[in-house]
Structures are given as structure tokens and as C-alpha cells.
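Notes for the one structure printed next.
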Amino acid sequence: MSTTSQLFRRRLLVGAVAAASVWIFVTDNIVSLQMINGRSMQPALNPDSNRLKRDVVVVDKLVRGALSTRLKRGDIVTFASPSDPDRCLVKRIIALPHDCVVPLSSPDSYVRIPKGQCWVEGDESFHSGDSNTFGPIPIALITARALRPVWPPSRFGARLQPLPEWKKTRIYPNGGSRLSEHRP
């Protein structure tokens, strides 16, 4: 085997290892694709009730740790389930630290969100295990924020629907001035 051929193979191998390292770093820490399962985020995600069609979305992973300050009400996020850390859930942030929210299960009361936590809900509340079930979650459980769907092709690049108006009426940012109406 010639020296030129060996040199070419060595450079190709080094290039492939470097490219794979960059790819792994980017998909683990910056941006990746996430398949969305279930109906809890309909109509924002998986709007077709056909269970064979699932949305695939681009997710921004630069919302973890110190960068969690980039999260806002209405963002759709992925996070580790508080009850099963091996399970990844997808919900919408409804309330942030110091906000108050009126739970669906208890409309005559409210929950003040502690520092470092947030309230998450699915858009389709009847099919969603969310903060109405398990309470506020630590922001540290959030792994990514959904940006845009890339699959199916008919939804490629579509904007994700904003926070539904009916949910906004249950949120009192920073404790809110109308909170006294909902005290038990």
C-alpha cells in the first residue's frame, strides 16, 4: 500500500472522528430533534389525531442551568418526569417563579410558584399528566425548548401556537393584583 493512500485514510479517519465529536456535542448541548408522542399538546403539537403521525420538532438545549432565564410563559419544553426520571415529557410553561396559578383541579385556590420552579401543563388538559397532577416542577428538570416542527412535511417550519387565551386567565404574574379574588 502506498504512503499516499495510508495518509489519505488516516486523514479521513481523523476527519470522521472530529465530525462525529462535533455532531455529538451539538446534539447533546445545543440543538437536536425530538419526536413528540401523545395527545397532551394538541393542537400545538401532533394536531392530527392519527396516532401514526407524530411531530418531530427542533429543540433548543441552551435553556439549561444558568441559561434557564431564557424560558418564558408559553414556551413548550421537554423535561424529565418528576415521578419517572427516565421518561421525557413535553408541556407548556404556564407560570414561572413567584407567579400564582389557579389549578384546574381546584378553581377556588391558587398555587404560588416557588423560586427555581415552574408550572407546566399540556394544551389538551383532559389527556395530560402535568402540574395539575404533580405540582410545580424544578426548572432544573427542563432539558430543552421546542422551536419549530420539521416533520411531517406539511408542518415544516410552522410556528408553534402561543399560550391559549383561556389559560392566561388563570395566571397571576408575580402574585398579581387580582389574586385576592381567588384566595380560599
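The values are calculated or read from the model by the stated rules, or taken from the named source; none is laboratory data. This is a predicted model, so every value here is computed, not measured. Because the Cβ atoms are built from the backbone with ideal geometry, glycine has one as well, and the counts that use them run over all protein chains shown. Surface areas here come from the heavy atoms of the whole protein model, side chains and all, with no ligands, DNA or RNA. Shrake-Rupley method; radii C 1.70, N 1.55, O 1.52, S 1.80 Å.
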Requested in this report: Working carefully through the options VAL26, VAL63, find the one that is open to solvent by less than 60 Å² (accessible area, probe 1.4 Å), more than 17 Å from SER128 (Cβ to Cβ), aliphatic (A, V, I, L, M) and in a loop (DSSP other than H, G, I, E, B).
Outcome: VAL63
Query raised in the report: Take the residues of the stretch 1-42 that are within 30 Å of the chain's Cα centre (by Cα) and charged (D, E, K, R): which is nearest to TRP151 (Cα to Cα)?
Result: ARG39
Report task. Could you please give the count of residues in the stretch 104-123 that are open to solvent by less than 50 Å² (accessible area, probe 1.4 Å) and outside any strand (DSSP E or B)? Result -> 6
Query raised in the report: List the pairs whose first member sits in the stretch 93-104 and is within 10 Å of LYS167 (Cα to Cα), whose second member is open to solvent by 10 Å² or more (accessible area, probe 1.4 Å) and assigned to a loop (DSSP other than H, G, I, E, B), and whose Cβ atoms are under 6 Å apart, counting only residues at least 6 apart or on separate chains?
Result: VAL101/ARG170; VAL102/TYR110; VAL102/ARG170
Report task. Can you confirm whether the stretch 156-165 contains a residue that is surrounded by 13 or more Cβ atoms within 10 Å (Cβ to Cβ) and not in a loop (DSSP other than H, G, I, E, B)? Result -> no
